[in-house]
Amino acid sequence: METALSLLRLYGEWGVETAVGDSPVDQRLARLGKMHFPAEEPALRRATDGRLTGPNSSTMPPTRPPAGQNVPRAAPSGEPPRAVPAAPQSGPALLAHTLEQARALAAGANTPEALRAAMDGFSACALRTTAMHTLFPTGPVQAPLMIIGDAPDADEDRSGEVFSGLCGDLLARMLTPLGLNRQTLLLATALPWRPPGGRAPTEAELKQCRPFLERAITLFTPQRLLLCGRLSARMLLDAQTPLPRRNWGESAIAGLAAPLPALVMRHPLQLRASATARKEIWQDLMLVAQTLQQAP
């Protein structure tokens, strides 16, 4: 009985109006009417102005081209045909244009406030149009450590705050034993916008977002970089493979005269992954604490 009721409800959702008829009717043909095939139609020809000529063709208007297709109009006698406008840039040419636009906007921002306004107005990146908020670095200028995470997650995108929600709670658990306060650190995400559905960003999107991240580092001038996750390491170190951890490297940032010390470690969300991940995170945090204690 329940199966029959479920089937009736399904028919209702499909828009079925007649439950029982005297004879079977193909509703598709009944609504479409009589169908004409090419063999039933008289021979027609297309004139130069686009009209169809032949028997009973006086009332046939010229056919319209498909949407988005440019068809040159017939030029008057003695005049050359008009040129069809060139199609807009696409592919590598369009990517090169957007990259140049991103670099120009980032380089033109001389203060953190100006950089944030430039990022909010940059609509050439598809991520900007789908994300709820633009994630901007938070923290003091010349902080002893800048922590850069991966792409914003759902909590960060909804709140507009870096390292919020579960990610923020796990970061606090990492910093508390070291006596560090997130208010004294500079926090940022590798990308300012969350990819739709949390998907992996494309190579083009990484290139479009990199100038804004590098300009933020230049304006805030932190003393060291802590890259949490593969995405931030890939953007700033051009690393395609996992890098060796527990040692400081160097990251060359556009706009800075000298490279910054950088350490790659697991993301705070990896605290839930396994005991091995927690052990590696703790070892990296010990290295960070020792380095900050020895810093002048």
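Bear in mind that the values in this text are calculations on the coordinates, not laboratory data. Predicted model, so just to flag it, every value in this text is computed and none were measured. Glycine gets a Cβ as well: all are built from the backbone with ideal geometry, and neighbour counts include every protein chain shown.
Take the Cβ-Cβ distance between ALA275 and ALA154 as r, set R0 to 22 Å, and report the resulting FRET efficiency rounded to the nearest 0.05.
Computed FRET efficiency for ALA275 and ALA154: 0.25.
Quick one: TRP193, TRP248, fewest Cβ neighbours within 10 Å first, how do they rank?
TRP248, TRP193
What nm distance separates the two modelled labels at THR130 and GLU100, each placed 7 Å from Cα along Cα→Cβ?
2.7 nm
Obtain the nm distance between the two label points defined at VAL141 and ALA289 by a simple spin-label model: each point lies 7 Å from its Cα along the Cα-to-C-beta direction.
3.2 nm
I need the peptides 265-277, 221-233 ranked by packing, meaning the mean over residues of other C-beta atoms within 10 angstrom, with the highest value on top.
Going from most to least packed, we get 221-233, 265-277.
LEU178 label point, 7 Å along Cα→Cβ, cut-off 16 Å on backbone N: hits in the range 147-163?
147-150, 163
Does the range 170-266 come out rounded, prolate or oblate by the C-alpha gyration tensor, with a ≥ b ≥ c the root eigenvalues, rounded set by a/c under 1.5 and, if not, prolate when a/b is larger than b/c and oblate if not?
rounded
Take the alpha carbon gyration tensor of the range 92-294, find the square roots of its eigenvalues, order them as a ≥ b ≥ c, and report rounded if a/c is under 1.5; if not, report prolate when a/b exceeds b/c, else oblate.
prolate
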